[in-house]
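Engineer: Just dropping this structure here.
The values are calculated or read from the model by the stated rules, or taken from the named source; none is laboratory data. A quick note: this is a predicted structure, and the numbers were derived from the prediction, not measured. Positions of Cβ are generated from backbone atoms using ideal geometry, with glycine treated the same way; all protein chains shown enter the neighbour counts. Keep in mind that these areas ignore ligands, DNA and RNA; they rest on the heavy atoms of the full protein, side chains included. Shrake-Rupley method; radii C 1.70, N 1.55, O 1.52, S 1.80 Å.
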Amino acid sequence: LCSAGQDASTPITALLQRQNNDGGFGGNNGADSNALDTAWALQAFSVATQTAPVPTALAYLKTVQQGDGSFVVNDQETVYVSASVLSALHLYAATYTDAANAQPLVNYLLAQQTAPGVWGNSLFLTAVVYTALHDYIPFDPIGSQVQAYLQASQLNDGSWSDDPYVTALILWSL
């Protein structure tokens with residue numbers, strides 16, 4: 001809504017009301033905070049230029065970051081959640097020192113490649129992770145490897161996996 005010049009005050013107010021006492025966000029009112037919902041909330045606040053909830057949300061993420069740099073949801077380590085958090089941290093890195101816990105997360109994500117430039121043997125996951133990482137790493141060699149993997153997987157009709165969402169994510173990542 002914000003990007004389209006529309007009033008987003010009602011959904012932003014609703015989102016603000018879902019911030020838990022620990023600074024994080026859960027999926028519903030009263031739901032336990034988790035890294036993924038907190039990352040998505042931070043991304044929404046960035047677009048809406050809403051700053052009040054940011055310091056405590058970043059502090060929450062810092063407290064739940066694992067020793068290897070990753071983030072978990074429901075006690076499950078997940079590359080997707082970790083990449084989503086990195087994307088959110090990037091939005092605030094220049095303004096908030098609490099967003100500075102990105103390097104261990106970058107290192108974790110780089111270590112999760114299933115092949116050079118590939119995450120989870122998945123077009124979707126590779127696009128999500130590379131989109132999060134590309135501002136933190138030099139283009140070569142990872143960027144070249146990602147491009148080669150994604151271009152080799154493109155279908156004759158120009159899409160990836162015959163899926164408009166995956167295609168859009170890949171185009172965004174490139």
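Engineer: Among Gly143, Gly67, Gly23, determine the one that fluctuates most according to a GNM of the chain built with springs between C-alpha atoms less than 10 Å apart.
Structural biologist: Result for the chain, Cα springs under 10 Å: Gly67 fluctuates most.
Engineer: Could you do me a favour and compute the accessible area per residue for region 70-148, 1.4 Å probe, result in Å²?
Structural biologist: Here the residues of region 70-148 average 44 Å² of exposed surface.
Engineer: Something else about it: Compute the Cα gyration tensor for region 104-143, then decide on rounded, prolate or oblate, letting a ≥ b ≥ c be the square roots of its eigenvalues: rounded whenever a/c is under 1.5, prolate when a/b is larger than b/c in the other cases, and oblate in all that remain.
Structural biologist: Rounded is the answer for region 104-143, as its axis ratio a/c remains below 1.5.
Engineer: Just to verify a number: what accessible area does His90 come out at with the full protein assembly present, 1.4 Å probe, Å² rounded to tens?
Structural biologist: 80 Å²
Engineer: Let me ask you something else. Highest mean first, how do 82-89, 14-21 rank when packing is the count of other Cβ atoms within 10 Å averaged over residues?
Structural biologist: 82-89, 14-21
Engineer: Between Leu174 and Asn107, what length in nm is gained on full extension when 0.36 nm per residue of separation is reduced by their alpha carbon distance?
Structural biologist: Full extension of this stretch gives 22.0 nm more.
Engineer: Okay, helix-only estimate at 222 nm for the chain: each DSSP H run of n ≥ 4 adds -39500 (n - 2.57), divide by all residues, round to 500 deg cm²/dmol; what do you get?
Structural biologist: Result for the chain, helices only: -15500 deg cm²/dmol.
Engineer: Helix 123-133 sits at what angle to the longest principal axis of the chain, using alpha carbons and giving 0 to 90 degrees rounded to 10?
Structural biologist: 60 degrees
Engineer: Relative contact order for the chain: what is it in percent, counting Cα pairs under 8 Å that are at least 6 residues apart?
Structural biologist: It comes to 15 percent, rounded to a whole number.
Engineer: Further question on the same structure: Can you give me the % of accessible surface on region 135-174 that is carbon or sulfur? Probe 1.4 Å, all protein chains present, nothing else counted.
Structural biologist: C and S fraction of accessible area: 57 percent.
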